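Some notes on the structure that comes next.
The values are calculated or read from the model by the stated rules, or taken from the named source; none is laboratory data. Given the structure is predicted, the values throughout are model-derived calculations rather than measurements. Neighbour counts run over all protein chains shown; Cβ positions are idealised from the backbone, glycine included. The protein model used for the area step is the full one, side chains on, heavy atoms only, and it has no ligands, DNA or RNA in it. Shrake-Rupley method; radii C 1.70, N 1.55, O 1.52, S 1.80 Å.
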Amino acid sequence: GESVGLHLPTLSVQEGDNSIINCAYSNSASDYFIWYKQESGKGPQFIIDIRSNMDKRQGQRVTVLLNKTVKHLSLQIAATQPGDSAVYFCAGTLQGGKLIFGQGTELSVKP
Amino acid sequence: DTEVTQTPKHLVMGMTNKKSLKCEQHMGHRAMYWYKQKAKKPPELMFVYSYEKLSINESVPSRFSPECPNSSLLNLHLHALQPEDSALYLCASSHFPRRNTGELFFGEGSRLTVL
């Protein structure tokens, strides 16, 4: 079936290092992807999005890369800070236009 | 601070109770959503309202009853719930109800415990 999934459930990085969180999807018809950050006790917060006609998009300290050939999406966080500690979800539009979330990666930043 | 407001933040109810979760947004969004999230799991779509009409019901049991009184408000009525329904219930809204290519704005959620 259609799915959006993340490669690793947890990721631990040193403060100041760059973080890379990966996501794979199965539906080649997906045309829109979003990365969300969810801190403990809060709702998901939009980070960055990308459409399928792009392969890269940059925000403040974050970059999303889309490789449609291998159906892979990644979120890169530059100079990771303790405030970046959270669960990160990728989400993609699948059949019917619904937004489906991947399993999530918990990012821990070590001081 | 989120612009989607959910109340109550916490709710404990028995299996015979009737309660409601409420959600409000004043961003002029015409699509509103209910998601259910279990611990350490991604949000799962329950319902979508588009222009105050129910457009998607993800085969949710009838003990969950959504209502959209107007374009700013979304309710989720709860009746005869089971302990396994305990979860974080998230409300979201967006600009584009059908194409779904817009960002979803989430509230902080209502944490429900069913005893």
In this structure, the FRET efficiency calculated for B:H79 and A:T10 from their beta-carbon separation, with R0 = 35 Å, to the nearest 0.05, is 0.40
Counting only protein heavy atoms with a 1.4 Å probe and every protein chain in place, the carbon and sulfur fraction of the accessible surface of chain B in whole percent equals 51 percent
With the 1.4 Å probe rolled over protein heavy atoms, chain B has an accessible area per residue in Å² of 50 Å²
Highest mean packing first, using Cβ neighbours within 10 angstrom, the peptides A:81-91, A:66-76 sort as A:81-91, A:66-76
Between A:K71 and B:N17, the FRET efficiency computed from the C-beta separation at R0 = 41 Å comes out, to the nearest 0.05, as 0.35
Heavy-atom accessible area per residue of the stretch A:28-67, all protein chains kept, 1.4 Å probe, expressed in Å², is 53 Å²
Log entry, pair B-A: total buried accessible area, probe 1.4 Å, protein chains only, in Å² rounded to 100, is 1600 Å²
Rounded to one decimal in nm, the spacing of the 7 Å Cα→Cβ label points at B:K9 and A:D55 is 4.6 nm
Comparing each residue of the stretch A:28-56 in the complete protein assembly with the chain by itself (heavy atoms, probe 1.4 Å, ligands and nucleic acids ignored), those losing at least 20 Å² of accessible area are A:Y32, A:Y36, A:Q38, A:G41, A:K42, A:G43, A:P44, A:F46, A:R51
Here the net charge surrounding A:Q14, from other residues whose Cβ is less than 14 Å away from its Cβ (Lys, Arg +1; Asp, Glu -1), is -2
Taking r as the C-beta separation of A:S26 and B:R63 and R0 as 25 Å, the FRET efficiency to the nearest 0.05 is 0.20
On the accessible surface of chain A, probed at 1.4 Å with all protein chains in place, carbon and sulfur together account for a percent value of 46 percent
